[in-house]
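Below you'll find the structure, written out as structure tokens, and then a few comments.
The values are calculated or read from the model by the stated rules, or taken from the named source; none is laboratory data. Keep in mind that what you see is a predicted model, and the values were worked out from it rather than measured. Cβ placement follows ideal geometry from the backbone for every residue including glycine, while neighbour counts extend to all protein chains displayed. Heads up: the accessible areas ignore ligands, DNA and RNA and are worked out on the full protein's heavy atoms, side chains in. Shrake-Rupley method; radii C 1.70, N 1.55, O 1.52, S 1.80 Å.
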Amino acid sequence: MSDQATSSVSFNEPVLGEAEAKAVREVLGSGTIRGDGPVSQHVEEEMEEWLGIDHVFLTTSCTHALEMAMVVLDIGPGDEVIMPSFNFVSSANAVVLRGATPVFAEIEPDTLNLDVEAVREKITPRTKAIVPVHYAGVSCDMEALLALADEHDLYVVEDAAQGVDAYYDGRALGTMGDIGCYSFHETKNITCGEGGAFLTSDEQLARKAELVREKGTNRSAFIRGEVDKYTWVSEGSSYILSDILASVLRAQLRRRSTIKRKRKAVWTAYHEALSPLAEEGIVTLPTIPARCTSNYHIFFFRVDTPRQRNHLLEVLKNHGIDASFHYIPLHSSPYGQEYLRDEDTLPRTKHCSETLIRLPLHPGLAEDAASLADRVAHLLVEERA
Ligand SMILES: *Cc1c(COP(=O)(O)O)cnc(C)c1O
């Protein structure tokens, strides 16, 4: 640890307080703590209104929402689902668990989102769906992607785990495809610890989703009083969020504009402090396309070589700044290599992932954002010299 190190800066910290504690006490006092209870239904209705979507189903995670999506769309053996390799594991697992095959396409180097032309090249007669991942809370090029999906009659499942409270042409991420999936994991902008949501405006998909989420039973219809007993009517599992967690989520959703404003302050401070370095070609900064409204989930930048990246991560860490990186591209992961054997080496994905640095970003950093950003910029310049 260098003697220059001042206080250490953590990578992520959720915003939790009395509102969440009060919400939990209330639901415990109410005696109804199962899933799909009054609090969950309230949150689902609030989200439907906010997002302008017909159906929101709270789930135990985004991973589970993605699994539900693959069941609801009847993805199975022989089917292919196109997604980025620069990606978290969940969408690929959801496909693999159905006996289907994830197919990986290249990303754009500025947003690290799917390159729509690269997706087009991966379409075969077996392709059933595309899973765009809205990286860092910035939308994929949804107009082009939806047009491509339409042209080839493919489903679109948006992995909007990082996209809660972010928009494209004013439309909420997760509401543009056939299905959208949200995450409320502790590391995401809005959190209840572990949780997620499945979004759709398609009535048929919604009806199926309701059964799949509730162990393949029509228990939800029973709770609504539409049937007088409930029974096994579909394949399914248990993807229901407890009302205890839904109450935390409700309190968090009320904080969302403050959370976004503070995250934006930190993101903007980094962007401004690093802009002179970008002009000198020392770093490459992320872009937010004009049609996108970010939720500032991640601040990342890239350098030229993997060696520089690893060195800078080390330097930042030694100065108490908990910088990080991700993802090991899925096609080059041990599981991907052993079981998927994709011929495509996806050089752009590989290069971007090996040269990427993520900086700490959470609302707790907003107050001192400018000085933190200056410290980072200073270290980068010093290392360059
Ligand atoms: C966080 C994340 C997930 C998983 O979310 P969980 O709620 O933890 O299951 C899936 N996809 C992406 C892109 C993510 O960032």
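In segment 102-109, is there at least one residue being small (G, A, S), in the same structural domain as G195 (by TED's automatic domain parsing) and outside any loop (DSSP other than H, G, I, E, B)?
Narrowing segment 102-109 to residues small (G, A, S): 105.
Now drop any that are not in the same structural domain as G195 (by TED's automatic domain parsing), which leaves 105.
Retained after the next criterion (residues that are outside any loop (DSSP other than H, G, I, E, B)): 105.
Yes, the conditions are met somewhere in segment 102-109.
Against the condition modelled with pLDDT of 95 or more, open to solvent by 30 Å² or more (accessible area, probe 1.4 Å) and of a type in the set (V, I, T), how does T63 come out, does it pass? Steps first, answer last, please.
Values: modelled with pLDDT of 95 or more: yes; open to solvent by 30 Å² or more (accessible area, probe 1.4 Å): yes; of a type in the set (V, I, T): yes.
So T63 passes the test.
Only one of the numbered conditions (1) modelled with pLDDT of 95 or more; (2) over 19 Å from C62 (Cα atoms); (3) surrounded by fewer than 19 Cβ atoms within 10 Å (Cβ to Cβ) is violated by I259, and that is (3).
Of everything in segment 165-205 that's among the aliphatic types (A, V, I, L, M) and open to solvent by 10 Å² or more (accessible area, probe 1.4 Å), which residue is farthest from the ligand (Cβ to nearest atom)?
L205
When G364, G281 are checked against the criterion of being at positive phi and not assigned by TED's automatic domain parsing to the domain that holds S139, a single residue qualifies: G281. Of the listed requirements (1) within 16 Å of the ligand (Cβ to nearest atom); (2) open to solvent by less than 30 Å² (accessible area, probe 1.4 Å), S220 misses just one: (1).
Yes/no matrix, rows are residues, columns are (1) out of contact with any helix residue (DSSP H, G or I) (no Cβ under 8 Å at 6 or more places or on another chain); (2) open to solvent by 30 Å² or more (accessible area, probe 1.4 Å); (3) not basic (K, R); (4) not assigned by TED's automatic domain parsing to the domain that holds T284:
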| residue | (1), (2), (3), (4) |
| --- | --- |
| D344 | no, yes, yes, no |
| R348 | yes, yes, no, no |
| S353 | yes, no, yes, no |
| L379 | no, no, yes, no |
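Filtering segment 148-163 to residues that are more than 9 Å from the ligand (Cβ to nearest atom) and either hydroxyl-bearing (S, T, Y) or crowded, with 24+ Cβ neighbours inside 10 Å (or both) leaves Y155, V157, E158. Kindly evaluate A94 against the criterion of being touching an Asp or Glu at 6+ places or on another chain (Cβ under 6 Å) and not assigned by TED's automatic domain parsing to the domain that holds P286. Yes; evaluated as a whole, the condition is true for this residue.
Selection of segment 110-137 for residues being part of a helix (DSSP H, G or I) and within 16 Å of the ligand (Cβ to nearest atom) yields Y135, A136, G137.
Here C140 passes the criteria (1) in a helix (DSSP H, G or I); (2) open to solvent by less than 10 Å² (accessible area, probe 1.4 Å) except the one numbered (1). Residues in segment 262-289 that are part of a helix (DSSP H, G or I), open to solvent by less than 40 Å² (accessible area, probe 1.4 Å) and among the β-branched types (V, I, T): V266 only.
Return the residues of segment 300-342 that are in a helix (DSSP H, G or I), of a type in the set (D, E, K, R) and open to solvent by 20 Å² or more (accessible area, probe 1.4 Å); say none if nothing qualifies.
Scanning segment 300-342 gives R307, E314, K317, E338.
Tallying residues that are in contact with a strand residue (DSSP E or B) (Cβ under 7 Å, 6 or more places away or on another chain) and assigned to a helix (DSSP H, G or I) within segment 19-52 yields 6.
Output yes when any residue across segment 312-320 is among the charged types (D, E, K, R) and either within 23 Å of the chain's Cα centre (by Cα) or over 29 Å from E117 (Cα atoms) (or both), and no when none is.
yes
Working only within segment 65-97, note down all residues that are part of a loop (DSSP other than H, G, I, E, B), more than 15 Å from the ligand (Cβ to nearest atom) and over 18 Å from Y339 (Cβ atoms). Within segment 65-97, L73, D74 meet the criteria.
If you go through segment 343-352 one residue at a time, how many are at pLDDT 95 or above and not in a helix (DSSP H, G or I)?
Adding up the residues that qualify gives 1.
State yes or no: is N295 modelled with pLDDT of 95 or more, of a type outside the set (A, V, I, L, M, F, W, C) and more than 26 Å from D115 (Cβ to Cβ)? Spelling it out, it is not the case that N295 is modelled with pLDDT of 95 or more, of a type outside the set (A, V, I, L, M, F, W, C) and more than 26 Å from D115 (Cβ to Cβ). A single member of R213, R263 is within 21 Å of the chain's Cα centre (by Cα), of a type in the set (D, E, K, R) and over 28 Å from N113 (Cα atoms), and it is R213.
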